[in-house]
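What follows is one structure encoded as structure tokens, with my remarks underneath.
The values are calculated or read from the model by the stated rules, or taken from the named source; none is laboratory data. If you're wondering where the values come from, they're calculated on a predicted model, not measured in any experiment. Glycine gets a Cβ as well: all are built from the backbone with ideal geometry, and neighbour counts include every protein chain shown. Please note that ligands, DNA and RNA were not included when accessible areas were found on the heavy atoms of the full protein model with its side chains. Shrake-Rupley method; radii C 1.70, N 1.55, O 1.52, S 1.80 Å.
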Amino acid sequence: MKILLVFDFDNTIIDDNSDTWIVQCAPEKKLPIELQDSYEKGFWTEFMGRVFKYLGNEGVREDEMKRAVISMPFTLGMVELLNFIRKNKDKFDCIIISDSNSVFIDWVLEATSFHDVFDKVFTNPAAFDSNGHLTVKSYHAHSCNRCPKNLCKNVVLVEFVDKQLQQGVNYTRIVYIGDGGNDVCPVTFLKKNDVAMPRKGYTLQKTLSRMSQNFEPMESSVIAWSSGVEIISHLQFLIKE
């Protein structure tokens, strides 16, 4: 009987946003105004496709991008948390659902040797093409009107849990650790036993506290955190129960 841990990546595992961090590779560390202005709400992945194309055209190579990405700092206490999970893998399954991309997440997990902690990573697939440009595709198509069109994290989570159930794996509870606006959708579908863990001071936490003030009931418990060490304490409490 395992607990499922679901992690966001940007501003949760790492203490920044990998998509905006990569801009430091651009000439003068900034994007041209017309490129900045081309972003449309809900179409971030398409926007990042243009950013990667621009970086490629400016001669930014893969190894340079990799150096930048793996220099991103981990969020406070995250290294300790991931080591704690590794020591207790018999009690936890662990997945990432992220609107970043597979190349960036792979680089970070590889550089820090944390690949083995995660059973599965769900994110936008990316690869370098023959010109050495990073290309990124949408993770899937879905019909949820609350989420960006390339990724509804709730659809991903429900599909994963159902698939696991078909293989005889039934989770006692889900603990969802995230920070962003696109974490709101999956969190509102959590059940009574589950735990939503929003990062203090970020969009997810602000949205959930606004919802509770408006008496929009959440079935799960909500525990905010600012360090991974606080998450460890709560997980220790859950596995003792």
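Some notes on this structure:
- Test item: Cα-centred dipole of region 26-110, Lys/Arg +1 and Asp/Glu -1 on Cβ, debye: 300
- Lysine-lysine proximity count for region 160-241, Cα under 22 Å, sequence distance 8 or more or distinct chains: 8
- Calculated FRET efficiency for the pair F43/N145, C-beta based, R₀ 22 Å, to 0.05: 0.90
- Accessible carbon and sulfur surface of the chain relative to its total accessible area, %, 1.4 Å: 52
- Cβ-based charge dipole, region 194-235, positive-most Cα from V195, I223, T207: T207
- Inter-site label distance for F128 and D116 at 7 Å from Cα along Cβ, in nm: 2.7
- Assuming charge only on the beta carbon of Lys and Arg (+1) and of Asp and Glu (-1), the dipole of the chain about its Cα centre is about 600 debye to the nearest 20.
- Tilt relative to the chain, helix 102-111 - C-alpha long axis, 0 to 90 degrees, to 10: 70
- Relative packing of 119-128, 194-203, 56-65, 96-105, which averages over residues the other C-beta atoms within 10 Å, highest first: 96-105, 194-203, 119-128, 56-65
- Region 55-183 shape via C-alpha gyration tensor axes, a/c threshold 1.5: oblate
- Counting Cα-Cα pairs of region 145-222 in 5 Å increments starting at 0 gives whole-percent bin shares of 3, 16, 24, 26, 18, 10, 4, 1.
- Relative packing of peptides 210-223, 129-142 - highest average C-beta neighbours within 10 Å first: 129-142, 210-223
- Accessible area (Å², per residue) of region 115-168, counting only protein heavy atoms and a probe of 1.4 Å: 57
- Extension gain, H234-K200: 0.36 nm per intervening residue step, less the Cα-Cα distance, totals 10.7 nm.
- Extension gain, Q36 back to L76 (0.36 nm per residue minus Cα-Cα distance, nm): 11.4 nm
- Å² per residue, accessible surface of region 1-52 at 1.4 Å: 48
- Crossing angle, helix 78-87 versus the chain [Cα axis fit, 0-90 degrees, rounded to tens]: 50
- Difference of contour (0.36 nm per residue) and Cα-Cα distance, N193 to D90: 35.1 nm
- Acute angle (nearest 10 degrees) that the helix 203-213 long axis makes with the longest principal axis of the chain, alpha-carbon atoms: 40
- Given +1 at the Cβ of Lys and Arg, -1 at the Cβ of Asp and Glu and no other charges, the dipole of region 111-241 around its Cα centre is 280 debye to the nearest 20.
- Positive-pole candidate from V161, G178, C147, dipole of region 107-187, charges at beta carbon: C147
- Whole-Hz ³J(HN,Hα) from phi, Karplus 6.51 cos²θ - 1.76 cosθ + 1.60, for region 62-69, glycine and proline x: 4, 5, 5, 5, 4, 4, 5, 5
- Phi angles of region 176-181 translate, via the Karplus equation with coefficients 6.51, -1.76, 1.60 and θ = phi - 60°, into HN-Hα couplings of 10, 10, x, 9, x, x Hz per residue; Gly and Pro are given as x.
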